[in-house]
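The values are calculated or read from the model by the stated rules, or taken from the named source; none is laboratory data. Being a predicted model, the structure only gives us computed values, none of them experimental. As a convention, Cβ positions derive from the backbone with ideal geometry for all residues, glycine included, and neighbour counts pool all protein chains shown. Please note that ligands, DNA and RNA were not included when accessible areas were found on the heavy atoms of the full protein model with its side chains. Shrake-Rupley method; radii C 1.70, N 1.55, O 1.52, S 1.80 Å.
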Amino acid sequence: MTQEFLITILATAITAGTPILYAALGELLAERCGILNLGVEGMMLVGAVTGFVFAVRSNDPWVGVLAAMLGGGALALVHAFLTVTLQANQVVSGLALTLFGTGLSGFIGKPYIGIPVENAFKPVTLGFLSDIPVLGPVFFHHDPLVYVTYILVPVLWFFIYYTRPGLHLRAVGENPAAADSLGVSVYRVRYLYVTLGGMLAGVGGAYLSLAYAPTWLENMTAGRGWIAVALVIFAIWNPLRAMLGSYIFGGIDALGFRAQAMGVMIPSFFLKMLPYIFTILVLIMVTRKAMANRVGAPGALGLPYDREER
Amino acid sequence: MTADFLVEMKQITKRFPGVLANDRVDLQVKRGEILALLGENGSGKSTLMSILSGLYRPDAGEIYVEGRKVTFKSPREAIDAGIGMVHQHFKQVDTFSVAENIILGSKEAKFLLKAGKVEKEIEELSRGYGLQVDPTAKIWQLSIAERQRVEIVKMLYRGSKLLILDEPTAVLTPQEARELFQVIRQMTARGQSIILITHKLNEVMEVADRVTVLRSGVAVATRERQQVNQRELARLMMGQDIIVPSKKNPGQFGQEVLKLESATADSDSRRPGLKDISLTVRQGEILGIAGIAGNGRRELAEVIAGLRPLSKGKILIGGKDVTNLSPLEIIEEGVSYIPEDRLGSGLVPNLGAVDNLILKEYRRPGLGRGPFINRRKAGEFAARLIQDVGVKVTGLEVPVKKLSGGNLQRLLLARELASSPKVIVAVYPVRGLDIAASEAVHKMLLEQRSKGAAIVLISEDLEELLKLSDHIGVLYKGRLMGILPVEEAEPEKIGLMMLGAQPGEVMAS
Ligand SMILES: Nc1ncnc2c1ncn2[C@@H]1O[C@H](COP(=O)(O)OP(=O)(O)OP(=O)(O)O)[C@@H](O)[C@H]1O
Ligand SMILES: [Mg+2]
């Protein structure tokens, strides 16, 4: 009983954490190149709705995911244009994006409220992997989008720390003038990763509407975009830690649900608060430690770059 | 004809909002020569070279490399054409290792970063030129001289045919400067060309083959080194004869103002910090502090300014114990601090001259009342200071980061000296300044001395210390090796103390 319970909680932690993980990876990429994008919530919502609409229309969830990437990416591209080319304030632009994305998704999704997706993502097993005791049911009884993150996270981690384009990405985020003086195109790098980041946020949204709770509800992200932004800090801009953080958040989220289902007498709004409170606590702890170790935000995070400025 | 030159710039013009930084400048560089580019602060040296290295785009004019016309759209294109520049403010990623900084953007590295291989290449390359760098060290752990070597190696790694050094010696000790000159002579021996930006006449005479002089954005002359002397260069550079250096009056020492008793403090990194420092400075006295970088000079300044806590010992100002008070309380005790890092901790880069100048004074009645600031009065106050010290600004509200180095320093001094401080801590106050500006700064410091300020002057320039100080103390590994009256402080002796000798030993030998 307790082992089974634990397995369910852990497995749910992963499903609940995955949409946040996608969004956090996206935000991580954007911030690594120096652009703060507070539009994650908006991009996720747009991803969720476009993903849902296209999945319903085409009856293929993968088409939905593709559409969600395009939707999230398009929004991020606007952010890149405003903040990189026009050098607008990144916070303001990001907030505007969230407001815009929220409104737009509500508008597009109106006719789709309450409609089911026939072909939502379903858990698939992976042969012998899924048969391993404990680990199998926890990690390998999920839908394909979860498996994608198992590959994506280590690949991104390796990419950022051990490849040439990863080095350029980090350099642009730390000191764009240094990168520029050696021929790394700051504009190109920033456009690229901000847009990629938006695409990932879009997938995160689509995960909600096509796998986690296969339906469209207005505002269905419920603040997950903001959690993703916070998690990037917890992660100290490292994808592996982002994964861990997402799962911790997902776990507490899942625990709250279970507790409620089992009739534990804790007010439900408190349970809903729990993951957020926990995130804040973790943030405070981690940031203090990171400061002591001289690892922290990319040096140029939030700053526009202009070559002739000094 | 043109192919005789490695690089030729013709009629280069560059305008910034409100300033004509380069006005139809011509410049030629031959293969294998060291060309000095001489000019006062703000004369447009850095701008001209930033154009040559592809960072800025000229408004007009042409550039030829080996006889072919080029237009650089980015620094990358200049690097590809064999032109590399070491900027006045190093362009490095502090959190990266030396190797990562060097291979950044290089075509050598393919998709994977092979750290081991690159590190070996860098070590071989740097050894070949006698430029010692540890490829695995992180930039933030390095001293300024080491960081400069990294910048040079970075350009050598890209096979630069022309290396531009923007005031490289401004941040070096005399020994380090000599080492650098050795390196660049070696490079010219291999056929590479060097442009050395400087405003130090003796450097021109020491290493340059030819010199081009800029004044107010105009190239006023180009000469062979053999055919000029310092006097003529000074006249070309400033449009007037060499300034007679200000003379120090004999000291009139009053009461003890600043007193450190066994002051001990930590440092940020691997450096030693401060150990057991005791010293006193009286009214009207300048105490010069010599020492090689990394031996506690900066820590000493920060301790007195209240920016670094003491772990042991005491600081007294006018007899009052001020140990570990907040910087604001220290300021209120009458301490002024002129830090080495002007744009980082001295001034606020994005604010205009007015806001920067009132940063310390806004609490004073007249400028401010309660939470309010009287902008009109503030403007008048700033304008007066600016006129007093002769800062050239394009506007009172233009962000100060646009000012040239010399003007920044004057602005900072104007603010710090405006309040007639009791104690002044000045760290490298003339670093990067031209002759006229240095002289102005020295005069301002000597004036404060006659007014009775107690001054701690930290400098890497022994000549400056000998000229201004009444006493000279030498720091080595965080300890004070001794304090000598300036009459007894021969350069040789100080030099040995900087390397760890006790004053007694030196005299015996
Ligand atoms: N990016 C910029 N934006 C606006 N003005 C600038 C910029 N760069 C330089 N200037 C102005 O152009 C003029 C020339 O500056 P420059 O930095 O080339 O002088 P410099 O000869 O290198 O002086 P220093 O010896 O102080 O380094 C100065 O008046 C400076 O204020
Ligand atoms: Mg300059």
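Can you tell me which condition B:Phe5 does not meet? The list is (1) within 26 Å of B:Arg342 (Cα to Cα); (2) surrounded by fewer than 20 Cβ atoms within 10 Å (Cβ to Cβ); (3) more than 13 Å from every other protein chain (Cβ to nearest Cβ), and all the others hold.
Unmet for B:Phe5, out of (1) within 26 Å of B:Arg342 (Cα to Cα); (2) surrounded by fewer than 20 Cβ atoms within 10 Å (Cβ to Cβ); (3) more than 13 Å from every other protein chain (Cβ to nearest Cβ): (1).
Considering only residues that are within 12 Å of chain A (Cβ to nearest Cβ) and open to solvent by less than 40 Å² (accessible area, probe 1.4 Å), which ones fall in the stretch B:147-156?
Across the stretch B:147-156, the qualifying residues are B:Val150, B:Glu151, B:Lys154, B:Met155.
B:Thr323: part of a loop (DSSP other than H, G, I, E, B) and either within 27 Å of B:Gly251 (Cα to Cα) or open to solvent by less than 60 Å² (accessible area, probe 1.4 Å) (or both), yes or no?
Working: part of a loop (DSSP other than H, G, I, E, B): yes; either within 27 Å of B:Gly251 (Cα to Cα) or open to solvent by less than 60 Å² (accessible area, probe 1.4 Å) (or both): yes.
It is true that B:Thr323 is part of a loop (DSSP other than H, G, I, E, B) and either within 27 Å of B:Gly251 (Cα to Cα) or open to solvent by less than 60 Å² (accessible area, probe 1.4 Å) (or both).
Take the residues of the stretch B:42-71 that are open to solvent by less than 20 Å² (accessible area, probe 1.4 Å) and away from chain A (no Cβ under 11 Å): which is nearest to ligand 2 (Cβ to nearest atom)?
B:Lys45
Can you tell me which of B:Ser193, B:Ser246, B:Ser278, B:Ser269 is touching a Leu at 6+ places or on another chain (Cβ under 8 Å) and modelled with pLDDT under 90?
B:Ser246 is the lone residue from the list that is touching a Leu at 6+ places or on another chain (Cβ under 8 Å) and modelled with pLDDT under 90.
Of the residues in the stretch B:81-112, how many are within 8 Å of chain A (Cβ to nearest Cβ), in contact with a Gly (Cβ under 8 Å, 6 or more places away or on another chain) and farther than 22 Å from B:Ile144 by Cβ?
Residues that pass the stated criteria total 1.
Here is a yes/no grid of residues against (1) away from chain B (no Cβ under 14 Å); (2) under 23 Å from A:Gly302 (Cβ atoms); (3) without any contact (Cβ under 8 Å) to a residue 12 or more places away in the chain:
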{"site": "A:Lys122", "(1), (2), (3)": "yes, no, no"}
{"site": "A:Asp143", "(1), (2), (3)": "yes, no, no"}
{"site": "A:Thr149", "(1), (2), (3)": "yes, no, no"}
{"site": "A:Pro176", "(1), (2), (3)": "no, yes, no"}
{"site": "A:Met199", "(1), (2), (3)": "yes, yes, no"}
{"site": "A:Leu208", "(1), (2), (3)": "yes, no, no"}
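For B:Met481, work out the one condition from (1) more than 16 Å from ligand 2 (Cβ to nearest atom); (2) not in a strand (DSSP E or B) it doesn't fulfil.
The failed condition is (2).
Looking at B:Lys401, B:Lys392, which is the one that is in a helix (DSSP H, G or I) and open to solvent by 20 Å² or more (accessible area, probe 1.4 Å)?
From the options B:Lys401, B:Lys392, the qualifying one is B:Lys401.
Being touching a Phe, Trp or Tyr at 6+ places or on another chain (Cβ under 8 Å) and either open to solvent by less than 40 Å² (accessible area, probe 1.4 Å) or assigned to a helix (DSSP H, G or I) (or both) is the filter; apply it to the stretch B:84-106 and report the residue that is farthest from ligand 1 (Cβ to nearest atom). Even if it seems obvious, please write down each step before you answer.
Within the stretch B:84-106, the first condition is being touching a Phe, Trp or Tyr at 6+ places or on another chain (Cβ under 8 Å), and the residues that meet it are B:94-95, B:102-104, B:106.
Still in the running and either open to solvent by less than 40 Å² (accessible area, probe 1.4 Å) or assigned to a helix (DSSP H, G or I) (or both): B:102-104, B:106.
Values: B:Ile102: 25, B:Ile103: 28, B:Leu104: 23, B:Ser106: 26 Å.
Only one residue tops the list, namely B:Ile103.
Tell me, which residue of the stretch B:266-320 that is of a type in the set (Gly, Ala, Ser) and in a strand (DSSP E or B) is surrounded by the most Cβ atoms within 10 Å (Cβ to Cβ)? Reasoning before the result, please.
Here is the first cut: in the stretch B:266-320, the ones of a type in the set (Gly, Ala, Ser) are B:267, B:269, B:273, B:278, B:284, B:288, B:290-291, B:293-294, B:296, B:301, B:305-306, B:311, B:313, B:318-319.
Filter again for in a strand (DSSP E or B), leaving B:278, B:288, B:290, B:313.
Numbers: B:Ser278: 13, B:Gly288: 27, B:Ala290: 29, B:Gly313: 18.
Looking at the filtered set, the residue picked out is B:Ala290.
Looking at the stretch B:57-83, I want the residues that are among the acidic types (Asp, Glu) and have a partner that is part of a loop (DSSP other than H, G, I, E, B) with Cβ atoms under 6 Å, at least 6 apart or on another chain. Which pairs are those?
The qualifying pairs are B:Glu77/B:Gly54.
Would you confirm whether any residue within the stretch B:217-228 is surrounded by 22 or more Cβ atoms within 10 Å (Cβ to Cβ) and within 16 Å of ligand 1 (Cβ to nearest atom)?
If we filter the stretch B:217-228 for residues that are surrounded by 22 or more Cβ atoms within 10 Å (Cβ to Cβ), which is where we start, we get B:217, B:219.
Still in the running and within 16 Å of ligand 1 (Cβ to nearest atom): B:217, B:219.
Yes, some residue in the stretch B:217-228 is surrounded by 22 or more Cβ atoms within 10 Å (Cβ to Cβ) and within 16 Å of ligand 1 (Cβ to nearest atom).
Checking the conditions here, which among B:Ile458, B:Ile373, B:Ile435 is among the hydrophobic types (A, V, I, L, M, F, W, C) and either at pLDDT 85 or above or within 30 Å of B:Lys259 (Cβ to Cβ) (or both)?
Checking each option against the conditions leaves just B:Ile458.
What do you reckon, is A:Glu4 part of a helix (DSSP H, G or I) and open to solvent by 10 Å² or more (accessible area, probe 1.4 Å)?
Criteria met by A:Glu4.
Any chance you could count how many residues in the stretch B:24-41 are surrounded by fewer than 17 Cβ atoms within 10 Å (Cβ to Cβ) and not in a loop (DSSP other than H, G, I, E, B)?
Total satisfying the criteria: 3.
Go through A:Phe278, A:Phe269, A:Phe249 for me and flag whichever is among the aromatic types (Phe, Trp, Tyr), open to solvent by less than 30 Å² (accessible area, probe 1.4 Å) and more than 14 Å from chain B (Cβ to nearest Cβ). Break it down into steps so the answer makes sense when it comes.
Working: A:Phe278 fails: open to solvent by less than 30 Å² (accessible area, probe 1.4 Å); A:Phe269 fails: open to solvent by less than 30 Å² (accessible area, probe 1.4 Å).
Checking each option against the conditions leaves just A:Phe249.
Take the residues of the stretch B:413-452 that are surrounded by fewer than 21 Cβ atoms within 10 Å (Cβ to Cβ), on the phi < 0 side of the Ramachandran plot and polar (S, T, N, Q): which is farthest from ligand 2 (Cβ to nearest atom)?
B:Ser450
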